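Working notes for the structure below.
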Amino acid sequence: MKYLYLLLLFGFSTLAQVPEEKRHIEILNTSSLKIKGKTNVNVFECDFNSRLLNRSGFISLRNIENGIRFQDAVLQIPNSGFDCGNKGINKDFQTLLKSENHPQIEIKLLYKEQVNDRLAMVKVQLSIAGKSKIYQFPLEVDPSCQKKYSGKWQLRISDFDLEAPKKLFGMIVIKEEIEIDFHLHVKA
């Protein structure tokens with residue numbers, strides 16, 4: 001009887017585990033990423049050249065009760081791929097990101113929960129300048145395709161122990177809040 005109980009327990013525990021699935025994905029050239037910010041006198045926008053992304057790779061995912069849990073779903077974004085409109089702002093942006101020691105931003109997708117056919121909630125770990133923070137935000141899903149995702153989220157540069165450069169003896173200062181605006185197109 002003791003062996004039957006252990007066999008049943010083992011059988012049910014293995015049935016309850018959802019298998020991990022590996023998928024190959026490719027990020028398409030039509031993807032875009034912008035970082036938007038403000039100073040006390042103006043606004044700025046830094047566009048990322050999506051051709052510089054590591055374009056394809058494998059990710060692991062596991063379907064769970066309310067969504068999908070991801071492993072190895074990491075997007076590495078070279079800081080040098082951002083263009084903020086002029087050389088001076090580009091240089092300041094690279095200084096802000098501490099690009100000399102940390103040449104890339106890393107976004108790790110942790111979890112996705114589909115709310116409806118047009119909206120999902122995602123949880124990501126964002127790493128900038130050697131510091132990581134977890135964010136959760138809404139993700140728009142193109143219902144005609146299911147492979148086009150768009151979203152915006154706000155963060156504070158102080159979350160990553162970053163200090164914005166000051167210009168003209170401190171008269172021009174970058175505001176704390178930064179917006180990340182992205183449109184990710186993938187082929188699975």
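Annotations
- Sequence-distant aspartates and glutamates (8 or more away, or on other chains) whose Cα lies within less than 20 Å of LYS22: GLU65, ASP72, GLU113
- Debye log10 I(q)/I(0) at q = 0.11 Å⁻¹ for the range 81-163, Cα point scatterers: -0.40
- Beyond 21 Å in Cα-Cα separation lie the following of the pairs LYS38/LYS152; LYS36/LYS175; LYS133/LYS175; LYS108/LYS175; LYS38/LYS123; LYS152/LYS175: LYS108/LYS175; LYS38/LYS123.
- Think of the range 50-188 as having a plus end and a minus end, set by charges on the Cβ of Lys, Arg, Asp and Glu; of GLN136, LEU162, GLN104, GLN104 sits farthest toward the positive end of this dipole.
- Between THR95 and ALA188, residue separation times 0.36 nm minus the direct Cα-Cα distance comes to 29.9 nm.
- Computed P(r) (all Cα pairs; the range 19-187; 5 Å bins; percent): 2, 8, 15, 22, 20, 14, 9, 6, 3, 1, 0, 0
Every number in this text was worked out from the coordinates using simple rules, so none of it is lab data. Given the structure is predicted, the values throughout are model-derived calculations rather than measurements. Every residue, glycine among them, receives a Cβ derived from its backbone with ideal geometry; neighbour counts consider all protein chains shown.
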